[in-house]
Every structure is written in C-alpha cells, then in structure tokens.
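Worksheet for the structure shown next.
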Amino acid sequence: MSAEAADREAATSSRPCTPPQTSWFEFLLEEALLEQHLQKASPDPPPVQLIVQFLEQASKPSVNEQNQVQPPPDNKRNRILKLLALKVAAHLKWDLDVLEKSLSVPVLNMLLNELLCISKVPPGTKHVDVDLSSLPPTTAMAILLYNRWAIRTIVQSSFPVKQVKPGPPQLNVMNQMQQEKELTENILKVLKEQAADSILVLEGALKLNKDLYVHTIRTLDLLAMEPGMVNGETENSTAGLKISAEEIQCQVCYDLGAIYFQQGSTNAAVHENAKEKFFKTKELIAKNGSSSLHFTIDEERLAGYCQACGVLTSSSDDASQQATPYSQIHSCMKSGNYQDLVKIFLEDNLTLSLPVQFRQSVLRELFQKAQQGNDALDEVCFKVCVCNTVCDVLQGRIIDIQFCQLFLKPNKEKIDFLLEVCSRSINLENASEVLKRKMAAFLKNLCLGLEDLQLVFMISSHELFIKLLKDDERKLLIDQMRKRSPRINLCTKPVTSFYDIPASASVNIGQLEHQLILSVDPWRIRQILIELHGMTSERQFWTISNK
C-alpha cells in the first residue's frame with residue numbers, strides 16, 4: 001500500500017461513524033425496539049416519520065395470481081404495523097398540533113380511523129347518534145379526537161396556502177402528488193358534508209362534565225394481547241392518559257370557536273357563537289393555566305380571534321364597545337366617519353395600543369377607496385399617514401415612502417396638522433430623553449427637506465421645536481438653511497413633480513437618472529429618488545453612477 005493510500009485509510013477510519021437509520025421493518029422483528037427508539041433524545045427517524053412509514057407499508061395494495069390489484073390484506077403483519085403507528089401517536093399524547101404539522105390529511109385520516117377501530121367504534125357508525133356519556137372513556141375520547149380533527153381540517157383548508165415551487169419534473173413524483181391531492185380533496189369533501197354532525201358531537205361533549213382517557217402505549221399493548229376484551233383494564237376508568245373535564249372543554253371550545261368564526265363569513269350571526277366559545281377558552285386557560293394542558297393552544301391566535309369577535313359582534317354594553325379601539329375604527333370605516341377615525345389614531349399615538357400592522361392595513365384600505373375615485377379621502381389618507389409616521393418615528397422605525405410622496409407638495413395646512421400630531425404624540429414632562437431626541441431629529445430633518453423658508457419658519461418657531469432643540473442646535477440649523485437656500489434658488493430647472501409625470505414613463509426615468517448623476521444637492525437627490533421609486537420598483541438606483 002502506498003503512503004498516500006495509507007493516509008487516506010487512516011483519515012477515513014478516524015472519522016466518527018453516523019449511526020445507521022433504523023428501518024421500519026426492524027420494529028416488526030423486535031417488539032421492545034419501538035419504546036427504546038422513542039425514548040432517545042433525537043430519534044432517527046423521528047416519530048411522525050415512523051407513523052408515515054408504518055401506515056404506508058400497512059396500506060400497500062397486493063397483487064393476486066391473475067395480476068389483479070387487491071386492497072391491502074387484513075393480516076397479522078399489517079395489523080401490527082397499524083398498532084405501531086398508534087403507539088407512536090400515543091407517545092406524542094395525541095397532540096393534534098404536532099400531528100397536523102407533519103402528517104398529510106390522508107395519513108392523519110387513516111391514523112384516526114384506526115384509533116376509532118381499536119377503540120371499539122363500529123365502522124359506519126354516525127357519531128352524532130352515539131351517547132358519549134354511555135361509552136367507555138377511551139372510546140368517547142377517540143370520537144372526540146376524530147371530530148376535533150375534522151373541523152380543524154375544514155378551518156385549515158379555508159386559509160390560503162403558498163404553492164410550493166415544483167422541482168425538476170419527474171413523472172412518478174408528479175403522479176404521486178396528484179394522487180395525494182385528489183385523495184385530500186375527497187376527504188375534505190366528506191368532512192365538510194359531515195361538519196354539522198361533528199359540531200353537534202363537540203357541542204354534546206361540552207355537556208359531559210367528566211374526565212376522559214386517551215390510549216397510551218400500555219393500553220394499546222393490552223388490547224393487542226387480548227383483542228376480544230371488552231370490559232377489561234383498557235376500558236375502565238383507570239386506564240390510559242387522564243384528560244380532565246376542564247381541559248376537554250378548553251380544547252373543544254377553541255375548535256368550535258374556530259369553525260364558527262369561519263362560518264361567520266357567510267352568516268354573521270354565527271360570530272356570536274364564536275365569541276362565546278373563544279372567551280370561554282380564555283377563561284378556562286386563565287383559571288387552570290396553559291402549562292397544565294396536555295394539548296397546547298396558540299394563545300396569540302386566541303387573542304386575535306377574541307379581538308376580531310369583539311369588532312364583528314355588537315355588544316349591549318356601550319361602555320365596553322367604546323373602550324375597544326378596534327370596534328370604534330370598524331364602525332368609523334363602515335359609517336364613513338373619518339373625522340373620528342383620525343381622532344382615534346391621534347389618541348393612540350400616546351397609548352400605542354394598536355399594532356403597526358393594523359395601522360398600515362387601515363391606511364391601505366383608505367388608499368384603495370381614494371384610488372376608486374373618492375377624492376374626499378385624499379386628506380384623510382394624509383392625516384392617517386402622518387399619525388402613522390409620527391408613531392413610527394417615536395418607535396424607531398423607518399419612515400414610509402408614502403409619507404414622502406404625500407409630502408412632495410407641502411403647504412401651510414399640512415405643516416399645521418403635522419405639528420399638531422407631533423405635539424399630541426409626546427408628553428414632554430414624562431417622555432424619556434431618547435423619545436425627545438427622536439422627535440427633535442424628525443423635526444430637524446423635516447426643516448432641512450423643505451424648500452419654502454416660510455414653512456421652515458412655521459416649524460422652527462413652534463413651541464415643541466423650541467423646547468426640543470437647544471439654542472446652538474437651532475442656530476446651526478438656521479445657518480445650514482441659509483447656506484442651502486442660494487443653491488436651491490440657482491437651480492436651472494426644478495425636478496418634475498411626481499404628480500406631473502408625462503405619459504412616457506421610460507423617457508422620464510432616463511431624464512431623472514441623468515439629473516440624479518449630475519445632482520450634488522442632497523434635497524434634489526432625495527426628491528429624484530422618491531420619484532424614481534414611485535415610477536418603478538424593479539431597478540436599483542444606487543448603481544446609477546456606474547453609467
């Protein structure tokens with residue numbers, strides 16, 4: 001062996017070996033292997049992948065002697081594979097959040113149907129006709145799990161989903177994806193047809209008021225040993241994982257609220273039901289604490305649902321209605337009371353209770369209405385945009401391009417309103433130095449961006465400006481304005497306004513790019529860039545100097 005070959009062999013043998021992935025059939029051969037595998041810190045393959053592998057192998061069709069495709073045989077091998085899949089789900093405590101994230105609709109449908117089967121629910125039985133209180137605890141819980149998943153799947157299917165970009169076309173992969181898509185659509189169709197029954201089952205579960213039990217690995221093992229046992233340990237009140245009555249109510253209320261909220265898009269009265277269920281869920285979480293739940297609830301999403309229901313439903317308590325800014329804004333937008341709308345935004349600049357995304361969505365809606373021909377909304381758009389901009393400044397966010405575009409033609413009225421918003425958005429007595437410096441920098445940059453010295457004087461003589469900027473800062477700003485003003489007046493040709501762009505956009509872009517290359521004045525460069533970005537978002541104008 002050469003020296004190089006010996007070195008390569010030594011290097012290879014010194015590398016740590018990656019343990020081989022456990023194959024699905026190994027769990028068939030060794031009974032205790034599954035529990036050992038699931039107890040690992042990072043099992044490979046992970047639990048959800050094992051469920052897919054077990055059910056995939058158990059549902060493979062067979063071919064007879066005449067070469068005809070037959071349904072999967074009900075033999076010992078397939079029964080064990082299905083039992084292994086149920087055991088993995090039991091290890092995950094039947095948490096639908098975990099299962100739904102990783103399993104497709106067809107796989108989860110098959111898994112829960114197997115749970116119904118092993119829990120002694122006869123196939124073809126209409127769950128709405130079954131009295132849950134008379135059933136063994138594990139059987140009742142299996143029915144609840146299936147119907148909870150059914151309405152959760154209906155709700156999830158109503159949300160828009162970003163399409164995954166397909167890779168290189170492969171015929172077998174495309175056929176498989178198409179088959180799964182068709183199968184999912186067929187299952188969803190059945191679930192939607194049975195939605196009313198599923199809702200009745202869950203409404204009935206709220207009246208149970210007793211603890212239930214869900215199958216564990218141990219109870220599933222006992223069922224496998226004695227499949228004919230009906231009144232044994234797996235069926236009595238001490239078997240399985242205990243789920244308290246209040247926890248069941250919490251989960252069921254949340255899922256019912258979600259389906260009622262989804263149905264409210266076609267029937268507004270149903271929003272009242274959704275509101276009742278969501279607020280009951282919130283009450284139960286506050287009472288018992290979210291950490292005690294075996295199944296998690298997205299509390300941020302629940303809070304969003306509660307806020308939406310508060311806006312969409314009318315309350316008999318006028319005081320509580322007035323206390324909710326969302327409901328006030330919704331009412332103002334609906335009635336066209338834009339004066340009060342601006343007032344709400346202005347007041348919120350101090351309290352900061354409205355999320356920035358909500359503020360932006362209201363402004364977008366106003367812009368859309370203005371573009372549809374409602375010229376009266378131009379002023380409202382400007383005022384709401386100013387409120388949002390001042391709020392952004394105080395919270396350290398970047399100023400939106402919309403504000404820059406609306407401020408291309410400033411006038412006395414616009415400056416007056418801007419100064420009013422600034423004054424009412426900061427309490428100088430209690431404000432921190434950081435907030436004061438942010439507001440001062442905003443007003444200072446505003447002055448530097450204005451060409452009309454009368455408008456600059458309006459800002460620099462305002463009480464807020466005088467309090468925020470020190471004497472030396474004000475003097476320095478005035479000197480900067482004096483030095484800049486001759487250059488502005490000597491401009492041979494003012495930049496074409498964003499609102500006066502001729503029809504040929506490509507010619508104008510070229511002219512503006514030419515001016516951008518020749519310009520050295522910061523104000524002119526800023527104005528040109530605003531106009532260019534307003535005309536096209538496909539080009540990077542910071543590279544224009546390469547020409």
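Tabulated data for the structure shown
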{"item": "Cross-link pairs beyond the 24 Å C-alpha cut-off, checked among Lys438/Lys467; Lys93/Lys275; Lys414/Lys467; Lys409/Lys467", "result": "Lys93/Lys275; Lys409/Lys467"}
{"item": "In Hz, Karplus ³J(HN,Hα) per residue of segment 185-190 (6.51, -1.76, 1.60; θ = phi - 60°; x = Gly, Pro)", "result": "4, 5, 5, 4, 4, 5"}
{"item": "Carbon + sulfur, % of accessible area of segment 317-444 - ligands and nucleic acids excluded, 1.4 Å", "result": "50"}
{"item": "Accessible area (Å², per residue) of segment 426-486, counting only protein heavy atoms and a probe of 1.4 Å", "result": "61"}
{"item": "Rg and Dmax [Cα atoms of segment 246-312; Å; Rg one decimal, Dmax integer]", "result": "11.5, 36"}
{"item": "Segment 41-81 versus segment 192-217: alpha-carbon centroid distance in Å", "result": "29"}
{"item": "Ordering of 132-142, 388-398 by packing [mean C-beta count within 10 Å, highest first]", "result": "132-142, 388-398"}
{"item": "Relative contact order (%) - criterion: Cα under 8 Å, at least six apart; region: segment 246-312", "result": "36"}
{"item": "Expected-Rg normalisation [2.2 N^0.38 Å, Cα atoms] applied to segment 426-486", "result": "1.13"}
{"item": "Within straight-line cross-link reach of Lys369, lysines at Cα separation under 20 Å, skipping those fewer than 8 residues along the same chain", "result": "Lys334, Lys343, Lys383"}
{"item": "Solvent-accessible heavy-atom area per residue, rounded to whole Å², over segment 246-312 at 1.4 Å", "result": "47"}
{"item": "Segment 374-437 and segment 85-122: distance between their alpha carbon centers, rounded to Å", "result": "54"}
{"item": "Packing rank of 62-69, 442-449, 272-279, 253-260, where each peptide gets the mean count of other beta carbons within 10 Å, highest leading", "result": "253-260, 272-279, 442-449, 62-69"}
{"item": "Whole-number D in µm²/s for segment 324-421 (Stokes-Einstein; Kirkwood sum over Cα pairs; 37 °C, 0.692 mPa s)", "result": "240"}
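The values are calculated or read from the model by the stated rules, or taken from the named source; none is laboratory data. Keep in mind it's a predicted model, so treat the numbers as computed, not measured. Note that we place each Cβ from the backbone using ideal geometry, even for glycine, and neighbour counts take in every protein chain shown. Keep in mind that these areas ignore ligands, DNA and RNA; they rest on the heavy atoms of the full protein, side chains included. Shrake-Rupley method; radii C 1.70, N 1.55, O 1.52, S 1.80 Å.
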